[in-house]
Amino acid sequence: MFSSGAGFAQDYPNKPIKWIVPYTPGGYTDNVTRLVTARMATILGQPIIIENKPGANSIIGVDQATKAAPDGYTMLTTITAHAANVTLYEGKLPFDPYQSLIPISLVTTTPLVLSVNKDLPVKSIGELIAYAKANPSKLSFGSSGVGAAAHLTSELLKHTASINMVHVPYKGTAPALTDLMSNNIQVLVDAPSGVGANIRAGKIKALAVFADKRLASYPDVPTIVESGGPKIESSSWVMFFAPAGTPKAIVDKLSLAVRESLKSEELIKRLSDQGIITVGSTPAEADAFLKAEIAKWGNLIKTVGVKAE
């Protein structure tokens, strides 16, 4: 058995730490993980090596992390889809979503942006809702995949505003964005980092951000309420985890390293420029946040009947 006493963590870490990212390199999850763990490695005095393990809506990478030795040398990043998977794959996950992992810290949140094809005759969420009601099922919305934050947020808007749009799932944001610009789909919700360059270039129109205040990096994009829509707040988020059984002293040490890393003004600005908000929570705060997200998205998935691919 591992000791949970503080003494056990005094020598930790004394070798490189493996960090599993259950998505491909270069995306939002991977980039945030690399930026933050690079600073953590300096604080902890050991290299942190990223291993990308994409597949099965993140389940492959998460499963590998849950089966790793709980010694502090295999860690995991997850995002909003992890909370949705609890309901989407209820009874089918190869691990216990409540017992197999320990939250270390909520690292970042990214309020999502709703954008439309530049030729769609709407200038606000209010106008989009009116257009959708006047043209039922004629609008299509894309997402980066079933169960992604972007997909679920679009479903939440549909349900709350009582509108009908057709979902077209893609394998990632890039192909969805291509189809948005060519008008194969008309609506796309995604993180600012995914759509921001095309918003600024005028290739697509941003109607609103799903937040209670505007993003510093996109001051011209109104909040959803300012844009005439319902009060919906929705973000993609990044959370760090350890396998269940990892000593509390190690979990606390890693959580503190996350929070110290996120004090960097350079890192805060670099992430803020992409519409990403730094958080840095305690393990208990991260656990409470995760449970709330599982409940929120689970309720929506059951209400509107979202099915896994």
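Scanning segment 257-292 for residues that are part of a strand (DSSP E or B) and closer than 17 Å to I43 by Cβ returns a single hit, T278. Evaluate the following for L267: is it of a type outside the set (V, I, T), in contact (Cβ under 8 Å) with a residue 24 or more places away in the chain and closer than 15 Å to P111 by Cβ? No, not satisfied.
Just one of the numbered conditions (1) modelled with pLDDT of 95 or more; (2) of a type in the set (A, V, I, L, M); (3) closer than 30 Å to T87 by Cβ; (4) in a loop (DSSP other than H, G, I, E, B) is not true of L157: (4). With a requirement of 1 or more residues that are open to solvent by 40 Å² or more (accessible area, probe 1.4 Å), the helices (runs of 4 or more DSSP H) lying completely within segment 18-107 that satisfy it span 28-44, 59-66. Among the residues making up segment 219-247, those that are under 24 Å from G196 (Cβ atoms), in contact with a strand residue (DSSP E or B) (Cβ under 8 Å, 6 or more places away or on another chain) and open to solvent by less than 40 Å² (accessible area, probe 1.4 Å) are V221, P222, T223, I224, S227, G229, S234, S235, S236, W237, V238, M239. Taking the conditions (1) of a type in the set (A, V, I, L, M); (2) assigned to a loop (DSSP other than H, G, I, E, B); (3) farther than 22 Å from A132 by Cα; (4) under 18 Å from the mean Cα position of the chain (by Cα) in turn, M239 satisfies each one other than (2).
Selection within segment 108-121: residues that are in contact with a Ser or Thr (Cβ under 6 Å, 6 or more places away or on another chain) and in a strand (DSSP E or B). The member of this set that is surrounded by the fewest Cβ atoms within 10 Å (Cβ to Cβ) is T109.
The values are calculated or read from the model by the stated rules, or taken from the named source; none is laboratory data. None of the values given here were measured: they were computed from a predicted structure. Don't worry about glycine lacking a Cβ; one is built from the backbone with ideal geometry, like all the others, and counts go over all protein chains shown. Ligands, DNA and RNA are stripped out before the accessible areas are found, and what is left, the full protein with its side chains, is counted by its heavy atoms. Shrake-Rupley method; radii C 1.70, N 1.55, O 1.52, S 1.80 Å.
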